Amino acid sequence: MINKVDHIGIAVKSIEAVLPFYTEVLGLPLLGIEEVDSQKVKVAFLKAGETKLELLEPMSPESAVAKFIEKRGEGIHHVALGVKSIEERIVELKEKGIRMIDENSRLGAGGADIAFMHPKSAAGVLFELCEKKEKKG
């Protein structure tokens, strides 16, 4: 069901403020920065071996990430698990009694299809299912 840990999401107040720690101190290459308007976040992806780190900066006080930071402070927000056939994985999880935040996949950063499990069904951890599109050519 799970292929790998695709990325670890880290909630930050400002990507610009923390990026030097990740790029200069840890020496992680920056893969890119983009805005995901539907989720009201700006994201920066950094390569950390086979896994990526995703810095999440809220673009609005109404974003889920802004509310997370307000409640818990900056830090690890979610763990994204790489899957294939995300819609089938959602059905399987629901059949096993897992409550989903997303009943169907939606578009996430980098063009991936994503869906979140509710942390109350996952021992308090926010897990994201993440299906990347196959690159052609």
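The values are calculated or read from the model by the stated rules, or taken from the named source; none is laboratory data. On a predicted model such as this, the values are computed, not experimentally measured, just so you know. For neighbour counting, all protein chains shown are included, and Cβ atoms are generated from backbone atoms with ideal geometry for every residue, glycine included.
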Task: Residue list for the range 59-77, filter: surrounded by 13 or more Cβ atoms within 10 Å (Cβ to Cβ) and either part of a loop (DSSP other than H, G, I, E, B) or touching a residue at least 24 places away in the same chain (Cβ under 8 Å) (or both) - done: MET59, SER63, ALA64, VAL65, ALA66, PHE68, ILE69, GLU74, ILE76, HIS77
Task: the range 22-51, residues that are basic (Lys, Arg) and touching a helix residue (DSSP H, G or I) at 6+ places or on another chain (Cβ under 9 Å) - done: LYS40, LYS42
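May I ask you to verify whether ILE8 is at pLDDT 95 or above, in a strand (DSSP E or B), exposed (fewer than 14 other Cβ atoms within 10 Å of the Cβ) and among the β-branched types (Val, Ile, Thr)?
Criteria not met by ILE8.
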Task: Only listed residue being at pLDDT 95 or above and under 12 Å from the mean Cα position of the chain (by Cα), chosen from VAL79, VAL25, VAL36, VAL18 - done: VAL79
- [ ] State whether one or more residues within the range 84-99 are in contact (Cβ under 8 Å) with a residue 12 or more places away in the chain and over 19 Å from HIS118 (Cβ atoms).
- [x] yes
Task: Members of the range 91-126 that are under 16 Å from ILE8 (Cα atoms), in a loop (DSSP other than H, G, I, E, B) and of a type in the set (Val, Ile, Thr) - done: VAL125
TODO: Could you list all residues from the range 84-131 that are crowded, with 17+ Cβ neighbours inside 10 Å, under 16 Å from the mean Cα position of the chain (by Cα) and either among the basic types (Lys, Arg) or closer than 21 Å to LEU31 by Cα (or both)?
DONE: GLY108, ALA109, GLY110, ALA112, ASP113, ILE114, GLU128, LEU129, CYS130, GLU131
Open item on the list: Every residue in the range 1-35 that is of a type in the set (Val, Ile, Thr) and within 14 Å of ALA66 (Cα to Cα), please.
Closed with: ILE10, VAL12, ILE15
Open item on the list: Which of the numbered conditions does GLU74 fail, given that it passes all the others? Conditions: (1) of a type in the set (Asp, Glu); (2) farther than 18 Å from GLU128 by Cα; (3) touching a Gly at 6+ places or on another chain (Cβ under 7 Å).
Closed with: (3)
Open item on the list: I'm trying to understand the selection: among the residues of the range 26-55, which are farther than 14 Å from ALA112 by Cβ, part of a strand (DSSP E or B) and touching a Lys or Arg at 6+ places or on another chain (Cβ under 9 Å)?
Closed with: LEU30, ILE33, GLU35, LEU46, THR51, LEU53, LEU55
